[in-house]
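These notes are about the structure you will find just below.
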Amino acid sequence: MSEGHVITKKRFIAGAVCPACSEPDKLMMWSEDAVPHRECVACGYSDTLNEQGLSVPKELGTRVNTSALKVPDAKVQAVQFFPNPKLKKKPDEQH
Ligand SMILES: [Zn+2]
């Protein structure tokens, strides 16, 4: 038996929240050579955990992370910025 490249099965992390898109229960976790890897099935964010258990985003995931952060942010701004033209167009409804 070789002790070289050991990859465990991917498993969902119950209760884990994606650091990129904040979706719960979308993170999968597995290990490669005893190094924990995480991946979000919702936005594609992925990272690894170092020996201190700190998140180390993958280099290729930087763009995904950035774009993923913009999407929910744009939604929030769209909601807050939602125009209300009907409120201004009611000249006949004023008693
Ligand atoms: Zn995500």
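Every number here is computed from the coordinates shown, using simple stated rules; none is lab data. Keep in mind that what you see is a predicted model, and the values were worked out from it rather than measured. Because the Cβ atoms are built from the backbone with ideal geometry, glycine has one as well, and the counts that use them run over all protein chains shown.
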Quick query: amide H of residue 46 versus all other amide H atoms, modeled in the peptide plane; which residues come in under 5 Å with a sequence gap of 5 or more or a different chain?
40, 58
List every residue whose amide H lies under 5 Å from the amide H of residue 26, counting only residues 5 or more places away in sequence or on a different chain, with H placed 1.01 Å from N in the peptide plane.
18
According to a simple spin-label model (label point 7 Å from Cα along Cα-to-Cβ), what is the distance in nm between residue 54 and residue 42?
2.6
Column: log10 I(q)/I(0), Debye, Cα scatterers of region 1-50, q = 0.13, 0.24, 0.29, 0.30 Å⁻¹
-0.31, -0.82, -1.06, -1.11
Residue by residue through region 43-55, the couplings from Karplus 6.51 cos²θ - 1.76 cosθ + 1.60 with θ = phi - 60°, in Hz, x for Gly and Pro, are 10, x, 4, 8, 7, 10, 10, 7, 5, 8, x, 8, 5
A correct Karplus calculation of ³J(HN,Hα) over region 6-17, with 6.51 cos²θ - 1.76 cosθ + 1.60, θ = phi - 60°, whole Hz and x for Gly and Pro, returns 10, 10, 8, 5, 6, 9, 5, 9, 5, x, 6, 10
Can you tell me the length gained on complete extension of the stretch residue 7 to residue 33, counting 0.36 nm per residue apart and subtracting the Cα distance?
8.7 nm
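How do 92, 25 line up, fewest other C-beta atoms within 10 Å first?
Result, fewest neighbours first: 92, 25.
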